[in-house]
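Only one structure is covered here, and it is reproduced in the block below.
The values are calculated or read from the model by the stated rules, or taken from the named source; none is laboratory data. It should be emphasised that the depicted structure is a prediction, and the values quoted were computed from it without experimental measurement. Here Cβ is always computed from backbone atoms with ideal geometry, including for glycine, and neighbour counts include all displayed protein chains. Ligands, DNA and RNA are excluded from the accessible area calculation, which covers all protein heavy atoms including side chains. Shrake-Rupley method; radii C 1.70, N 1.55, O 1.52, S 1.80 Å.
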Amino acid sequence: MGFARVAAMAAVIGVHAYSPLVSTVYAELGGYTWWSANLLDAGTRWCVAVFVMISGALLLRPRDESVGTFYRKRWAKIGIPLVAWTAIYLVWQYWRDDLGTPDAATQAASGAPSIHLYFLYVIAGLYLFTPFFRTVVAHSSRTALWWFAGASFGVGVFDQILSLIDGAGGVSAATRFLPFLGYYLVGWLLLTTENSPRTTRFGIAALTLGVASTALGAGAAAHVEGEWGAGGEYFYAFLSPPMIVAGIGAYLTLRAAGERLAVAENPAALATKNVVRVVSGLSFGVYLVHVMVMYTLRDLGGMPEGYPALFAAAGYAVATAVISLILVALVQRIPLVRTIV
């Protein structure tokens, strides 16, 4: 899963590099620059779905582990970073954006103290119920589990559609994980599905179809609305049907690529495996710090409008990845502090 984790980490950085262009902060809606950014953004939006599926693949396997032992292990991995980074990002936004105490409390209560930290609340909620999901996995047929995953996706898709109605929908820190349960279950189911050439071809086709449908759907919605708004954001949300297809396709494609890399023995493959191993160990920390790094770089360097913004976004993405990797590698060497990354 290391290869998929590294790819998803890179995709997350890409999303945050190009999303300001799609939301028309640095690009005019409907122009060449906007459509290019829209395609690039849509092409990396599968990242969070893949992260959740990786977690399900690794943790839902039935094993002899008490509930208490599981919670103690997971608290160290997710609980401490959740508390620490919630506080860090709220303080940073107070300094950077003059975030007031009421707004900070609202963001924390909603489980989104920063644009990316909702993921910690998603994973924490899924971990809370994982010991019980393991029992379901151990004593259910694969057919029943597919129905469970399908029903979970159905509820999530329906909830997201209802949220388009003005005033409807919304989640809190306590419920943010629920829409992602389908991805969590499917991660396990796909891991235990044979990785055949046919499965890989299906994954590539699903990824291509999902990304294209997301980009075209978001573009059409923005055109109808005359601005970037709820319609475009719906297609980009993680439980729109095109994004579900893209997420599952990305997971299958990356799993196949990772398994092929694992058995390769040529010098280039061996070097790549070493890089993947090191970067995979830093990926969680990079996810946590990269928004602060990217926004700081953009604040200092500015952002051109129009066509040059595409290249500037790519430059910021690369710089953010490099700086974040270095920062996390350094922090992981510091006793006590290393627990937050």
(message) Just to verify a number: what accessible area does residue 35 come out at with the full protein assembly present, 1.4 Å probe, Å² rounded to tens?
(response) 100 Å²
(request) Would you mind telling me the share, in percent, of accessible area of the chain contributed by carbon and sulfur at probe 1.4 angstrom? (result) 68 percent
(message) Please compute the contact order of segment 1-123 in relative form: average sequence separation of alpha-carbon pairs under 8 Å and at least six residues apart, divided by the residue count, as a percent.
(response) 21 percent
(request) State in Å² the accessible area per residue of the chain; use a 1.4 Å probe, count heavy atoms of protein chains only, and round to the nearest integer. (result) 47 Å²
(message) Hydropathy at least 1.0 by Kyte-Doolittle, axial extent at least 24 angstrom from the Cα trace: which helices of the chain, defined as entire DSSP H runs, fit?
(response) 2-22, 118-138, 308-331
(request) Choose one of 161, 32, 84: the residue whose Cα lies farthest towards the positive end of the charge dipole of the chain (beta-carbon charges +1 Lys, Arg; -1 Asp, Glu; about the Cα centre). (result) 84
(message) For the chain, what are Rg and Dmax over the alpha carbons, in angstrom?
(response) 19.9, 57
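Cβ under 15 Å from residue 3's Cβ, residue 3 left aside: what net charge do those residues give with Lys, Arg +1 and Asp, Glu -1?
+4
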(request) Among 340, 185, 59, pick out the residue whose Cα is farthest towards the positive end of the charge dipole of the chain, where Lys and Arg carry +1 and Asp and Glu carry -1 on C-beta, about the Cα centre. (result) 59
(message) Explain nothing, just compute: Karplus ³J(HN,Hα) = 6.51 cos²θ - 1.76 cosθ + 1.60, θ = phi - 60°, for every residue of segment 226-231 in order, whole Hz, x for Gly and Pro.
(response) x, 6, 7, x, 4, x
